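This report refers to the structure that appears directly beneath it.
The values are calculated or read from the model by the stated rules, or taken from the named source; none is laboratory data. Remember, it's a predicted structure, so these values are computed and weren't measured experimentally. For accessibility, only protein heavy atoms count, side chains too; no ligands or nucleic acids. Shrake-Rupley method; radii C 1.70, N 1.55, O 1.52, S 1.80 Å.
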Amino acid sequence: QPCRDYFAEQSNIRQQNLNSLKQLVAQLKDYLENHDWTNANWKEVGKVIRMARQEWRGYSPTERVATQPVQAEFENVLAAIQQKLNEEFARNDALKRELIAQAQQLVAVEDVRKAAEDIKQLQARWQTIGASLRKDEQQLWREFRDQCDAVFARRQQQSNEFKVELEANLAAAKALVDELTQLRQLT
């Protein structure tokens, strides 16, 4: 009798967990079908995927045979949501690569001040673009940052050259003033 009660209780727990898994799949399907994907908060979408997997693991034990079709459905729904997220990552990746190409063109621009201003605008646009795949995100940022640094280095170099030229002109002007002062003292 104690074993029968225990196993009956275990069976009841497994059935409740299976029902919870089915409910989770239904919620995810509803999320997939009714979510506004054009205005999605993609960080939240990633969080939904992580939380769903975590919640799935929390509903155990279950009957393996009864759970397999539910798990297959769960994986299919999550794959569809992940596909939406991957499409957004791909769009963001393309936009960031476009900004990198524009930044590369600005490195060769003669007017360094304009190039620096344009780079600042590109940096502001970069901030508005969402995330890419994690493995690509850092590489894209380094490429973009290298182009920005090249433009700012050119601006700094030009500024330093201008300062040297100003100092040379100042020294020449002081020499002229000294020469004029000496000439004024002559009779």
* To do: Provide the solvent-accessible area of E117, counting protein heavy atoms only and rolling a 1.4 Å probe, rounded to the nearest 10 Å².
  => 90 Å²
* To do: Just read off the accessible area of F162 with the full protein assembly in place, 1.4 Å probe, to the nearest 10 Å².
  => 110 Å²
* To do: Working from Cα positions, state the angle (0 to 90°, nearest 10) between the long axis of helix 2-34 and the longest principal axis of the chain.
  => 40 degrees
* Using the heavy atoms of the protein chains and a 1.4 angstrom probe, tell me the accessible area per residue for the chain in square angstrom. => 71 Å²
* To do: Just reorder K29, K43 by solvent-accessible area, largest first, 1.4 Å probe, all chains present.
  => K43, K29
* Surface share of carbon and sulfur [accessible, 1.4 angstrom probe, percent] for the range 14-167 -> 48 percent
* Asked: Against the longest principal axis of the chain, how steep is helix 134-185, in degrees 0 to 90 to the nearest 10, with axes from Cα atoms?
  -> 20 degrees
* Asked: What does the accessible area of K22 come to, in Å² to the nearest 10, when a probe of 1.4 Å is used?
  -> 100 Å²
* Asked: Taking Cα atoms, how many degrees apart are the long axis of helix 42-58 and the longest axis of the chain, rounded to 10 and kept between 0 and 90?
  -> 30 degrees
* **Accessible area in the full protein assembly, largest first, 1.4 Å probe, for T62, T181** => T181, T62
* Asked: Given that just one value was derived from the coordinates, which of [x] -0.54, -1.01; [y] -0.34, -1.16; [z] -0.31, -1.06 is log10 I(q)/I(0) by the Debye sum over Cα atoms at q = 0.08, 0.16 Å⁻¹?
  -> [x]
* Pairs of lysines 8 or more apart, or on different chains, with alpha carbons under 29 Å: count those in the chain, would you? => 23
